[in-house]
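Remarks on the structure that follows.
The values are calculated or read from the model by the stated rules, or taken from the named source; none is laboratory data. Everything numeric in this text was worked out from a predicted model, so none of it was measured. In this analysis, Cβ positions are derived from the backbone assuming ideal geometry, glycine residues included, and neighbour counts consider all displayed protein chains.
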Amino acid sequence: MTARARLLTLAITLVCLLLIARQVRRRQMRATYLVVWTSLCVVAIPFIVIPGAIDALSSWIGIYYPPATVFLLAIFVLFLISIHFSRQLTRLEERTRILAEELALLGVERSARAPAEAPAASAGEADSRPNVRPGEGMVQPGSVSGP
Amino acid sequence: MDARTLVIIPAFNEEDSLPAVLATLRAGAPQYDVLVVDDGSDDRTSEVAIAAGVQVARLPFNLGVGGALRTGFRFAVRHGYERAVQFDADGQHDVDGLDALLAELDGGAEVVVGSRFVKGSERYRTGALRGGAMNVLRFTLSLLTGLHFTDTSSGFRAYSRPVIDYFADAYPLEYLSDTVESLLLACYAGFNVVEVPVTMRERSAGVPSTRNLRLIYHYIRLLLVLAAMASLRQRRTARNAA
């Protein structure tokens, strides 16, 4: 790798770091991911800066073609991260579904009470599922209206 | 038997067929409570159901039949129902079948599936692709459970209280899983699953839920899920044997 290429790669890495920091500052990314991506950048930097680092690592692992080492590691890390995201996504979706179901059930309860009295803030008697608390005096404009 | 019974009707854009279904329920089975779960419909499904005087749970967006059913199960748990029946909003199911299903529950079954194909039910026509796929699923399921199911995709089912409790948390939510995978789950959880013959009509209104290409995807996904569950099952039984 020429010095110019080295400098270019380093610049790209630093820009990535800055982008990540900015996302976190704007609260568009959780600090967890700041840790993940930052540590990846930090791990990458020595290999960019030190000439021969990749070659040394490759020969230690037993890979004859050093660029293959870079691709191998990169693919492996990205693979792990996307598995992690799949899990997070599944969990989020499940929670959203539970919220939707709870909302629908609250709507039934409210419309059952509505004919007698105004929808008062008395959702206390409904026992709740884990993670989801019945809203205190929850007002849902798009919900079921009484007859 | 005097057990409180809830009829759960998942409905997605069924304003055309729902009034007739609710009317036949009221005429043929007035002793049961009805909960329509409006699965994020764009039309007047909720309004139509409210006008018919039944309870309506309105989901803010579409969750699929599985999600709608789970909402119904949660409602049943909270309000202390002893039995629940899953009933279609599109007029496929017959009120007479309801009593047959519930009678089987009283006879000790915990999940009762109304089957179109078991001897005693009238013929029901399906397309070639759907029919073939149904055969594959049927075969896989009997391979995995050791039980013989004739109608794995039937949406006409009755559940006892322990099953309602179980499914209020564990009901599978994805398309097709809500029928086939739920049967497998019920079997694996050790519930007594029984089929009874029922007559089903052709859909009275509305369109079938999915196109062919998506259907193929869902069948493949389901087969993978079943395979994954089967391996889990083997590990579990091996551990129990040890």
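Observations, loosely collected:
- Selection within the stretch A:21-45 - in a helix (DSSP H, G or I) and over 21 Å from A:Ile81 (Cα atoms): A:Arg25
- Residue match in the stretch B:30-51 (condition: over 26 Å from A:Glu102 (Cα atoms), surrounded by fewer than 19 Cβ atoms within 10 Å (Cβ to Cβ) and away from chain A (no Cβ under 12 Å)): yes
- Any chance A:Ile48 is touching a Leu at 6+ places or on another chain (Cβ under 6 Å), of a type in the set (Val, Ile, Thr), in a helix (DSSP H, G or I) and modelled with pLDDT of 85 or more: yes
- Test: residue in the stretch A:89-102 that is within 14 Å of chain B (Cβ to nearest Cβ) and either touching a residue at least 60 places away in the same chain (Cβ under 8 Å) or in contact with a Phe, Trp or Tyr (Cβ under 8 Å, 6 or more places away or on another chain) (or both): yes
- The stretch B:169-193 - residue that is buried (at least 18 other Cβ atoms within 10 Å of the Cβ) and over 23 Å from B:His218 (Cα atoms) and, of those, nearest to the chain's Cα centre (by Cα): B:Val193
- Filter result for B:Glu47 (modelled with pLDDT under 95 and in contact with a Lys or Arg (Cβ under 7 Å, 6 or more places away or on another chain)): no
- Of residues in the stretch B:54-68 being at the interface with chain A (Cβ under 7 Å from one of its Cβ atoms) and crowded, with 23+ Cβ neighbours inside 10 Å, the one nearest to B:Ile164 (Cα to Cα): B:Gly67
- In the stretch B:70-92, residue surrounded by the fewest Cβ atoms within 10 Å (Cβ to Cβ) [restricted to those that are over 21 Å from B:Pro30 (Cα atoms) and not β-branched (Val, Ile, Thr)]: B:Arg78
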